[in-house]
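Have a look at the structure below, then the notes.
The values are calculated or read from the model by the stated rules, or taken from the named source; none is laboratory data. Everything numeric in this text was worked out from a predicted model, so none of it was measured. Backbone-built Cβ (ideal geometry, glycine too); neighbour counts: all protein chains shown.
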Amino acid sequence: MLKVIQSPAKYLQGPDASTLFGQYAKNLADSFFVIADDFVMKLAGEKVLNGLHSHDISCHAERFNGECSHVEINRLIAILKKHGCRGVVGIGGGKTLDTAKAIGYYQKLPVVVIPTIASTDAPTSALSVIYTEAGEFEEYLIYPKNPDMVVMDTAIIAKAPVRLLVAGMGDALSTWFEAKACYDARATSMAGGQSTVAALSLARLCYDTLLAEGEKARLAAQAGVVTDALERIVEANTYLSGIGFESSGLAGAHAIHNGFTILEECHHLYHGEKVAFGTLAQLVLQNSPMEEIETVLNFCQKVGLPVTLAEMGVKDDIDGKIMAVAKATCAEGETIHNMPFPVTPESVHAAILTADLLGQQWLAR
Ligand SMILES: [Zn+2]
């Protein structure tokens, strides 16, 4: 099988990147269709529109209704066509960015995504999650290419709620361990081939960056300011983790995350918070050395990611609930089967319960 690595064509990051990107966007199109929800349009719309206008790029801004559904995508495409725009810009969170990617794909136009938070590694990827109008999962759309440009304005991201940046660190925490598992198993990644050493190295750099800069970055975000550590964590959460997961692959941690989504009491958690606990469970599942487990426990405690079931909100009927989570984790087609050894619901159940006790013991030191 071929080795494949893919990435966005351009990645920009820094304070006020959402204004300065116009210089690069003009090479993609001379007119853009810009979407954001009301909150984000107030927060960042002016910066983005000024950035385009200052380079003589025309644009039409349109309100995103909040759901990445085929109905909403088609509604926006109709407006885009009326205005004859030659490119798409999405500003905001995952659903807005996914909608912008879908519009670009269907209309064969260049796509610029401008995340206003660094809470997941999804922005750089060549996929969208499509929901029904009622907000239920419908399908994944996998595109032939990644966004043409990803723009991270750290001045905006530093002002977002700290818990979102920390959740992004949780999503990034799993990247190295899942990439390594996929590499060892010679699994097929989302990019459609085996992992390159390049993608594996970015995944490792992602993990090393979290350990070195995570706590400092959380404090900067708490103060609402941009520091070098915050810059490095935004890059790790978005770019390093993004290439790492897409071009190396997902394995135990994300499958265990998916298992936890069946529990009502976990619905208040962000994606990356569940992924962090899933990472701890994967380490137990693969019997990682105690030193490595303690490094991860220490990191989670320092930045504020959950390491016990109680912190995840799971407090009663634990055995039965975790068996149900383990069964969902091992469903056919789940990425748990990318682990380099056979995994069963029983072994996942055992790993989660042991991870919980390791977490409890760590917090009680
Ligand atoms: Zn993730």
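A few remarks follow.
- Selection from region 79-96 of residues that are among the polar types (S, T, N, Q) and surrounded by fewer than 16 Cβ atoms within 10 Å (Cβ to Cβ): none
- Selection within region 126-154: residues that are in a loop (DSSP other than H, G, I, E, B) and among the small types (Gly, Ala, Ser). The member of this set that is surrounded by the most Cβ atoms within 10 Å (Cβ to Cβ) is 126.
- For the residues 155, 172, 167, 134, the requirement of being more than 16 Å from the ligand (Cβ to nearest atom) and modelled with pLDDT of 95 or more singles out 155.
- The set of residues in region 79-112 that are within 16 Å of the ligand (Cβ to nearest atom) and either in a helix (DSSP H, G or I) or within 19 Å of residue 148 (Cβ to Cβ) (or both) comprises 94, 95, 97, 98.
- Looking only at region 218-243, and only at residues there that are hydrophobic (A, V, I, L, M, F, W, C) and surrounded by fewer than 19 Cβ atoms within 10 Å (Cβ to Cβ), the one that is nearest to the ligand (Cβ to nearest atom): 219
- Candidates 354, 329, 308 - the one that is within 16 Å of the ligand (Cβ to nearest atom), in the same structural domain as residue 181 (by the TED database) and touching a helix residue (DSSP H, G or I) at 6+ places or on another chain (Cβ under 6 Å): 329
Table: residues versus (1) assigned to a helix (DSSP H, G or I); (2) within 19 Å of residue 345 (Cα to Cα); (3) in contact (Cβ under 8 Å) with a residue 12 or more places away in the chain.
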residue: 294; (1), (2), (3): yes, no, yes
residue: 297; (1), (2), (3): yes, no, yes
residue: 306; (1), (2), (3): no, no, yes
residue: 311; (1), (2), (3): yes, no, yes
residue: 314; (1), (2), (3): no, yes, yes
residue: 321; (1), (2), (3): yes, yes, yes
residue: 327; (1), (2), (3): yes, yes, yes
residue: 333; (1), (2), (3): no, yes, no
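- Considering each residue of region 255-271 in turn, at least one proves to be free of Cβ contacts under 8 Å to residues at least 12 places away in the same chain and away from the ligand (no atom under 15 Å from the Cβ).
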